[in-house]
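As structure tokens, the structure follows; a few thoughts come after it.
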Amino acid sequence: MAVTDERRARLAANLNKLRAYHEIQNEMGRVVAAVNFGQPDKVLARFALGRPDVSVEWADEGVFIGPEAVTTIVRETIGRERAPGEMVDLQLTTPMIEVADDQRSAEALWWCPGAGTLVEGTDEPEAIWLWGTLAADFVPDGGTWKIWHLHYFRYIKCHYDRGWTDDTSLINRPNVPMHPLAEPTTHHNPYSPLSIRDGLPAAPRPHRTYEGIGWMLNRDKTH
């Protein structure tokens, strides 16, 4: 079979997309490791902070848009001093990464189970479950892939000894921004024993070029 220019181009594109898949997977792994160990500079180094619409949406805490807002919330949360015994341990599973055919962006999704320990004042440390999903848009930036938009869909945050059917404090939180730099949350639907689980965020699908952040909330399951 003759090796045509079209075939060479298709092979090169597939290899580039495969390389991008592995790089994006590693980059998000480094982000979560930095979150777990309270290293805000290493988290921020993996965001495309040169883009004015870079953003982070964290559960029902609000949407942080722009380099200043993203930098501020990362430093205030991940960079704060932790008490002895305090712990955050998030994991990444089931990577679903679709690099656009034009290779100028990528959509990615991970299930994100975890656990933690809360330490407040002189009280005994409290073990908690932390479960959610991480959805992100990535873009090539400075020779590597960086996060453009990140949305953490929190599904469960509850006390270990009570479990998610008894500790339903998440569903009683006010759905308002919890920081002066935040805009209202676009989607927050934690587990409730009184409702049917929502199938969001959506898994990314093959696509030609970037079509906006709305894929994360796509309820069309027909294709």
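Just give me the residues in region 117-143 being within 17 Å of residue 92 (Cα to Cα) and either out of contact with any Asp or Glu (no Cβ under 9 Å at 6 or more places or on another chain) or surrounded by fewer than 22 Cβ atoms within 10 Å (Cβ to Cβ) (or both), in sequence order.
Within region 117-143, 129, 130, 131, 132, 133, 134 meet the criteria.
Scan region 70-84 residue by residue and report those that are closer than 16 Å to residue 33 by Cα and either surrounded by 15 or more Cβ atoms within 10 Å (Cβ to Cβ) or in contact with a helix residue (DSSP H, G or I) (Cβ under 8 Å, 6 or more places away or on another chain) (or both).
74, 75, 77, 78, 79, listed by residue number.
Which numbered condition in (1) over 15 Å from residue 60 (Cβ atoms); (2) open to solvent by less than 40 Å² (accessible area, probe 1.4 Å); (3) in contact with a strand residue (DSSP E or B) (Cβ under 7 Å, 6 or more places away or on another chain) is the only one that residue 146 fails?
(2)
Can you tell me which residue is modelled with the lowest pLDDT among those in region 191-214 that are out of contact with any strand residue (DSSP E or B) (no Cβ under 6 Å at 6 or more places or on another chain) and surrounded by 13 or more Cβ atoms within 10 Å (Cβ to Cβ)?
198
Which ones in region 54-67 are within 23 Å of residue 140 (Cβ to Cβ) and either among the polar types (S, T, N, Q) or in contact (Cβ under 8 Å) with a residue 60 or more places away in the chain (or both)?
Scanning region 54-67 gives 54, 55, 56, 57, 64, 65.
Within region 85-114, take every residue that is in contact (Cβ under 8 Å) with a residue 60 or more places away in the chain and of a type in the set (A, V, I, L, M) and give me the one that is surrounded by the most Cβ atoms within 10 Å (Cβ to Cβ).
99
Name the single residue, out of those in region 5-20 being open to solvent by 70 Å² or more (accessible area, probe 1.4 Å) and not hydrophobic (A, V, I, L, M, F, W, C), that is farthest from residue 85 (Cα to Cα).
Taking the candidates together, the pick is 5.
Tally time: how many residues in region 161-184 are assigned to a loop (DSSP other than H, G, I, E, B) and open to solvent by 70 Å² or more (accessible area, probe 1.4 Å)?
Summing the residues that are assigned to a loop (DSSP other than H, G, I, E, B) and open to solvent by 70 Å² or more (accessible area, probe 1.4 Å) in region 161-184 gives 12.
I'm told residue 67 meets every condition in (1) surrounded by fewer than 19 Cβ atoms within 10 Å (Cβ to Cβ); (2) modelled with pLDDT of 95 or more; (3) in contact with a Pro (Cβ under 6 Å, 6 or more places away or on another chain) except one. Can you identify the failing condition by its number?
(3)
When you scan region 13-40, how many residues do you find that are touching a residue at least 12 places away in the same chain (Cβ under 8 Å), part of a helix (DSSP H, G or I) and more than 23 Å from residue 206 (Cα to Cα)?
7
Which one of the conditions (1) farther than 19 Å from residue 56 by Cα; (2) touching a strand residue (DSSP E or B) at 6+ places or on another chain (Cβ under 7 Å); (3) at pLDDT below 95 does residue 154 fail to meet, given that it meets all the rest?
(1)
State the number of residues belonging to region 175-206 that are farther than 20 Å from residue 135 by Cβ, out of contact with any Ser or Thr (no Cβ under 7 Å at 6 or more places or on another chain) and of a type in the set (Ser, Thr, Tyr).
Matching residues across region 175-206 total 1.
Quick one: residue 40 ticks every box in (1) surrounded by 15 or more Cβ atoms within 10 Å (Cβ to Cβ); (2) closer than 25 Å to residue 16 by Cα bar one, so which box is it?
Result: residue 40 passes all but (2).
The values are calculated or read from the model by the stated rules, or taken from the named source; none is laboratory data. Note that the structure is a prediction, hence the values are computed from the model and not measured. Cβ coordinates were reconstructed from backbone atoms using ideal geometry, including for glycine residues, and neighbour counts include every protein chain displayed. Just so you know, the surface numbers come from the protein's heavy atoms only, side chains and all, with ligands and any DNA or RNA stripped out. Shrake-Rupley method; radii C 1.70, N 1.55, O 1.52, S 1.80 Å.
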